[in-house]
1. In whole percent, what relative contact order does the stretch 21-148 give with Cα contacts below 8 Å and a gap of six or more residues?
2. Across all directions of projection, what mean area in square nanometres is found for the Cα convex hull of the chain?
3. Taking a cut-off of 22 Å between Cα atoms, list the lysines near residue 196, but don't count ones fewer than 8 places away on the same chain.
4. Would you mind ranking 155, 205, 137 so that the residue whose beta carbon has the fewest other beta carbons within 10 Å leads the list?
5. In nanometres, what is the gap between the two model label sites at residue 162 and residue 61, each 7 Å from Cα along Cα-to-Cβ?
6. Any idea what angle helix 12-75 forms with the longest principal axis of the chain, computed on alpha-carbon atoms, 0 to 90 degrees, nearest 10?
7. Any idea how far the Cα center of the stretch 1-70 sits from the one of the stretch 75-102, in Å?
8. Is there a quick way to get the dipole size of the chain? I mean about its Cα centre, with the Cβ of Lys and Arg at +1 and of Asp and Glu at -1; what is the value in debye to the nearest 20?
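Just so you know, all these numbers are worked out from the coordinates, no wet-lab data involved. Values in this document were obtained by computation on a predicted structure and should not be read as measured data. Every residue, glycine as well, gets a Cβ built from its backbone with ideal geometry; the counts of neighbours run over all protein chains shown.
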Amino acid sequence: MAKTGEGPKPTRMELLALRKRLALAKRGYELLEEKRDALISRFFELIKLRNNLRKDVEENLKQIYEKYKEAKAILGRDIDSVIAAIPPIKNIEIVKQYIMGVSVPKIRKVEWEPKYTLYASAAAFDEMLKIMKSTTENLVKLIEVEHALLELSDEIMKTRRRVNALKYTMIPKLQRSIKWISLVLEERAREEFYRKKLIKRKKEEAYA
């Protein structure tokens, strides 16, 4: 039962080492499966959150457009100068956060105060800015969630590949090696048993 080519040595020490590796591989497989399932669960939670945020943002954008039309009907061309006076978003601060051990960016700070001169203003314009500020907050959350989904998707694929590598490659290979060494050792034990038995018989015949 000699095994050709490179492979594990058919010794008891090698057998014990392979059994330990197999136990670790199986434990690693279980942990990775748990991680993969948890990542997928969190992924679908974020999908639901993203869909809700998108819905809110879309509704707000419709309201903003309606208020813009109302304000423009009152202000006419002056609305362009009023909009131009609104300061831009500034001081965006991005930090790292971790979701299931995956690093994703978090927009911790966004400064934007939609201030403007009261010149040629209108109530509809004020309402539009209030909705815009609320929408900006939701957009920031939506950006975070969208990026988190990309990172989680990538991590799920990596984890799935590792799970499959253990399940279909590493664990079966270890099991085959363990089986082969066990058979070789069993055959050697039988050969040794018969050898000793033969020696004993010859001794008995010699003294008969």
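1. Working: 120 pairs, mean separation 40.5, N = 128.
Value for the stretch 21-148: 32 percent.
2. Values: hull surface 72.9 nm².
Its Cα hull, projected and averaged over all orientations, spans 18.2 nm².
3. none
4. On the way: 155 20, 205 8, 137 11.
Least crowded to most crowded, the residues run 205, 137, 155.
5. Once both label points are built, they end up 3.7 nm from each other.
6. Roughly 10 degrees between the two axes.
7. Each part's Cα centre sits 34 Å from the other's.
8. Numbers: 46 positive and 31 negative charges, 479 e Å.
Here the chain has a charge dipole of around 2300 debye.
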